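A.B. asks: So that we are looking at the same thing, I have put the structure below in structure tokens.
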Amino acid sequence: MTMDKAILTCALNGVLTNPKQHPVPLTPEEMALSARDAYNAGASIMHVHFRRQEPGMGHFPSWDPEVAAAASDAIREACPGVIINQTTGVIDDDVSGPLACLYRIKPEIAACNAGSLNYLKLKNDNTWAWPPMVFLNSVEKVQKMLDAMAETHTTAEMECFDVGIVRSVGLYLRAGMAKEMHYNFVMGVASGMPCDPELLELLMKYKSSDAHWQATLIGREEIWETHQRAADLGGMLRTGVEDTFYLPNGDKTTGNGQLIEALAQCARNAGRQVASPAEAREMLGFN
């Protein structure tokens with residue numbers, strides 16, 4: 001599905017990034033201020049991770065439903081009409097934390113990791129950046145997530161780290177695991193799909209033809225060529241300090257507002273206007 005107007009998502013903060021090194025919002029107040037900057041630049045959707053609020057612990061995730069509620073309430077107050085997209089990512093089979101937050105805040109969208117991946121990265125000296133690990137997302141785990149999303153009237157955004165996972169989403173749809181799923185092509189993880197505009201175009205062949213889609217592009221300034229291709233192909237667009245700290249000219253961003261401004265320019269370069277939150281809600285069927 002292509003869109004004349006571009007819906008922009010801000011990946012507001014991510015997980016594990018050290019706030020002492022990067023401009024990542026942690027508290028509900030910081031998240032609301034950063035979301036407002038992105039909102040003013042054109043973002044209609046905020047993809048949010050929740051962080052521990054104890055002093056010195058903000059680089060760790062939180063699955064406390066009250067932390068989730070405080071953050072989402074602050075963002076909604078700062079950004080009238082905004083659409084909340086909640087993370088649900090956990091590396092093992094225990095989904096109790098993500099589901100507790102889902103039931104508490106009832107977001108319009110929730111990210112759902114759609115398949116398992118060997119999650120790997122090398123340092124410059126070719127030693128592992130972290131111990132090799134498996135990001136487990138069995139069909140049973142995915143179904144638990146989808147069942148809870150059906151109860152909260154939340155649309156599943158299926159995060160696809162590889163081409164086989166993209167194809168798996170089509171199988172999930174045919175098997176009736178959920179009535180609707182969006183695709184999120186995650187490109188740039190070292191052991192997943194590369195951030196490549198030619199590959200992005202090929203992926204259009206392997207997704208359900210009527211499904212909404214976007215690309216999450218992880219890296220430095222080299223990702224912006226693929227952002228532009230996503231805009232040209234008519235997809236939804238996403239960026240934020242979860243995905244990159246670099247603007248198209250190679251400068252480091254000061255925060256989410258600058259990144260969304262650059263993403264909005266990609267849409268305009270493709271001859272597309274940026275959708276308002278009200279327009280995004282109508283386009284996605286959330287009214």
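Here, each number is a calculation from the coordinates, and none is a lab measurement. Keep in mind that this is a model prediction, so the values were computed, not measured. Methodologically, a virtual Cβ is constructed for each residue, glycine included, from the backbone with ideal geometry; neighbour enumeration extends over all protein chains shown.
A.B. asks: How many residues are without any contact (Cβ under 8 Å) to a residue 40 or more places away in the chain, farther than 16 Å from VAL186 by Cα and touching a Phe, Trp or Tyr at 6+ places or on another chain (Cβ under 9 Å) if we restrict to the range 91-121?
C.D. replies: Residues meeting the conditions: 3.
A.B. asks: Here's another thing I want to ask about it. Looking only at the range 274-287, filter to residues that are of a type outside the set (Val, Ile, Thr) and in contact with a helix residue (DSSP H, G or I) (Cβ under 7 Å, 6 or more places away or on another chain); which one of those is nearest to HIS153 (Cα to Cα)?
C.D. replies: ASN287
A.B. asks: Restrict the check to the range 169-181 and report whether at least one residue is within 15 Å of the chain's Cα centre (by Cα) and crowded, with 16+ Cβ neighbours inside 10 Å.
C.D. replies: yes
A.B. asks: In contact with a Leu (Cβ under 6 Å, 6 or more places away or on another chain) and part of a strand (DSSP E or B) - does that describe any residue in the range 229-240?
C.D. replies: Among the residues of the range 229-240, at least one is in contact with a Leu (Cβ under 6 Å, 6 or more places away or on another chain) and part of a strand (DSSP E or B), which makes the answer yes.
A.B. asks: Considering only the range 1-24, state which residues are part of a loop (DSSP other than H, G, I, E, B) and either charged (D, E, K, R) or crowded, with 24+ Cβ neighbours inside 10 Å (or both).
C.D. replies: Within the range 1-24, ASP4, LYS5, ILE7, LEU12, ASN13, LYS20, VAL24 qualify.
A.B. asks: Under 7 Å by Cβ, and 6 or more places apart or on different chains, what pairs join a residue from the range 16-39 that is free of Cβ contacts under 8 Å to residues at least 40 places away in the same chain with one that is among the basic types (Lys, Arg) and not in a loop (DSSP other than H, G, I, E, B)?
C.D. replies: Pairs found: LEU26/ARG51.
A.B. asks: Going through the range 141-161 one residue at a time, which ones are surrounded by fewer than 20 Cβ atoms within 10 Å (Cβ to Cβ) and not aliphatic (A, V, I, L, M)?
C.D. replies: Across the range 141-161, the qualifying residues are LYS141, GLN143, LYS144, ASP147, GLU151, THR152, HIS153.
A.B. asks: Only residues that are closer than 22 Å to LEU120 by Cα and in a helix (DSSP H, G or I): list them for the range 168-196, please.
C.D. replies: Here is the first cut: in the range 168-196, the residues closer than 22 Å to LEU120 by Cα are 168, 184-196.
Scanning the range 168-196 gives a single hit, SER168.
A.B. asks: When the residues of the range 197-246 are narrowed to those that are buried (at least 17 other Cβ atoms within 10 Å of the Cβ) and charged (D, E, K, R), which ends up farthest from the chain's Cα centre (by Cα)?
C.D. replies: So, considering only residues that are buried (at least 17 other Cβ atoms within 10 Å of the Cβ) and charged (D, E, K, R), the one farthest from the chain's Cα centre (by Cα) is ASP232.
A.B. asks: In addition: Would you pick out the residues in the range 66-87 that are hydrophobic (A, V, I, L, M, F, W, C) and under 12 Å from GLU108 (Cα atoms)?
C.D. replies: VAL82, ILE83, ILE84
A.B. asks: Moving on. Just to be sure before I move on: is MET46 more than 30 Å from PRO131 (Cα to Cα) and either small (Gly, Ala, Ser) or free of Cβ contacts under 8 Å to residues at least 60 places away in the same chain (or both) in the structure I sent?
C.D. replies: Against the criterion (more than 30 Å from PRO131 (Cα to Cα) and either small (Gly, Ala, Ser) or free of Cβ contacts under 8 Å to residues at least 60 places away in the same chain (or both)), MET46 qualifies.
A.B. asks: Name the single residue that is surrounded by the fewest Cβ atoms within 10 Å (Cβ to Cβ) among those in the range 247-258 being of a type outside the set (Ser, Thr, Tyr) and assigned to a loop (DSSP other than H, G, I, E, B).
C.D. replies: Per the stated criteria, the residue is ASN249.
A.B. asks: When the range 111-140 is examined, which residues are found to be surrounded by 12 or more Cβ atoms within 10 Å (Cβ to Cβ) and assigned to a loop (DSSP other than H, G, I, E, B)?
C.D. replies: Residues satisfying the conditions are ALA114, GLY115, SER116, LEU120, LEU136, ASN137.
A.B. asks: Would you mind stating whether PHE286 is aromatic (Phe, Trp, Tyr) and under 23 Å from GLY14 (Cβ atoms)?
C.D. replies: On the way: aromatic (Phe, Trp, Tyr): yes; under 23 Å from GLY14 (Cβ atoms): no.
For PHE286, the condition - aromatic (Phe, Trp, Tyr) and under 23 Å from GLY14 (Cβ atoms) - is not met.
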